[in-house]
1. Examine segment 194-213 for a residue that is at pLDDT below 95, out of contact with any strand residue (DSSP E or B) (no Cβ under 9 Å at 6 or more places or on another chain) and within 12 Å of the ligand (Cβ to nearest atom), and state whether such a residue exists.
2. Under 8 Å by Cβ, and 6 or more places apart or on different chains, what pairs join a residue from segment 79-96 that is more than 17 Å from R117 (Cβ to Cβ) with one that is of a type in the set (S, T, N, Q)?
3. Would a scan of segment 22-31 turn up a residue that is of a type in the set (D, E), in contact (Cβ under 8 Å) with a residue 12 or more places away in the chain, within 19 Å of N124 (Cα to Cα) and more than 16 Å from the ligand (Cβ to nearest atom)?
4. Given the conditions (1) touching a residue at least 60 places away in the same chain (Cβ under 8 Å); (2) under 19 Å from L154 (Cα atoms); (3) away from the ligand (no atom under 14 Å from the Cβ), and given that V43 satisfies all but one, which numbered condition is not satisfied?
5. Are there any pairs with C-beta distances below 6 angstrom linking a residue in segment 155-172 that is more than 16 Å from Q2 (Cα to Cα) and within 13 Å of the ligand (Cβ to nearest atom) to a residue that is in a helix (DSSP H, G or I) and at pLDDT 95 or above, with the two at least 6 apart or on different chains, and if so which?
6. Looking at (1) more than 22 Å from G180 (Cβ to Cβ); (2) in a loop (DSSP other than H, G, I, E, B), which one does P62 not meet, given that it meets all the others?
7. Would you call A122 under 14 Å from the mean Cα position of the chain (by Cα) and free of Cβ contacts under 8 Å to residues at least 60 places away in the same chain?
8. Only one residue in Q66, Q51, Q26 is surrounded by fewer than 24 Cβ atoms within 10 Å (Cβ to Cβ), within 12 Å of the chain's Cα centre (by Cα) and farther than 16 Å from F163 by Cα, so which one is that?
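The values are calculated or read from the model by the stated rules, or taken from the named source; none is laboratory data. Only a predicted model underlies this, so the values are computations on that prediction, with no experimental measurement involved. Glycine gets a Cβ as well: all are built from the backbone with ideal geometry, and neighbour counts include every protein chain shown.
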Amino acid sequence: MQLVSTSGALVAGVYSGAVSVMSLLQHGDIGLGTFANLDGEMVVLDGHAYQIQGSGRVSEPPADAQAPFAVVTKFSPETDARIGPIEDFGELEKRCDVLRTSGNIFYAFRLDGTFKRIRTRAVNPPEAGARLLDAAKAQSEFHFTDVPGSLVGLWSPGFSSAFSVAGYHFHFLSDDRQEGGHLLDLASESLRLRMEALTDFHLALPETESFLKADLSKNTADELAYAESAH
Ligand SMILES: [Zn+2]
């Protein structure tokens, strides 16, 4: 797996692009992230990148579109299971917990099926210099019902919170590529779940001026947890 930049840099307001979509797709076929200036959520699925903007618009960004934070992997799942019914996010977490054999490595997830109910959000570009906490307040929320689609997810161990999003982090994309976003809640009768344990971790740090000069000495895990969760 390849992670570009750090979640701590995002929290500190480093939103300028560090890597192109083209480069990300060379390192993985599924993944998630965000776009330069926090212009929406990223989903990488089946080797294509998608951008879900705060307006709700979903599109395939140009190959030179930039991402300040992303994680991708060449997915080769070793677990293929069926789960459900799932009534909410907490239940999804519990079902995934049962399948993980360790709390000290990373896991990639892909879930496919029909979502009876799904709630997502997409960030809007914040004012210049805003911290992630303030940017999160400008997010748009979406509610979809009876939509077939896929969730791409990553589970990261607690010790990685300085550079990754600890715990579960899922992004959604509908089969018709018209709806998506950062997952806040869901319900589904039945989902196909595929999972891969990830122990080979590559962290690519940006060489951008804003990253090199940012003060990343503070522990931002709490701010990140708040910005990433449903509230
Ligand atoms: Zn997200």
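1. No, that holds for no residue.
2. Cβ pairs passing all conditions: R82/S190.
3. Scanning segment 22-31, I find no residue that is of a type in the set (D, E), in contact (Cβ under 8 Å) with a residue 12 or more places away in the chain, within 19 Å of N124 (Cα to Cα) and more than 16 Å from the ligand (Cβ to nearest atom), so the answer is no.
4. Only one criterion is unmet by V43, namely (3).
5. Y168/E93
6. (1)
7. no
8. Criteria check complete, one pass: Q51.
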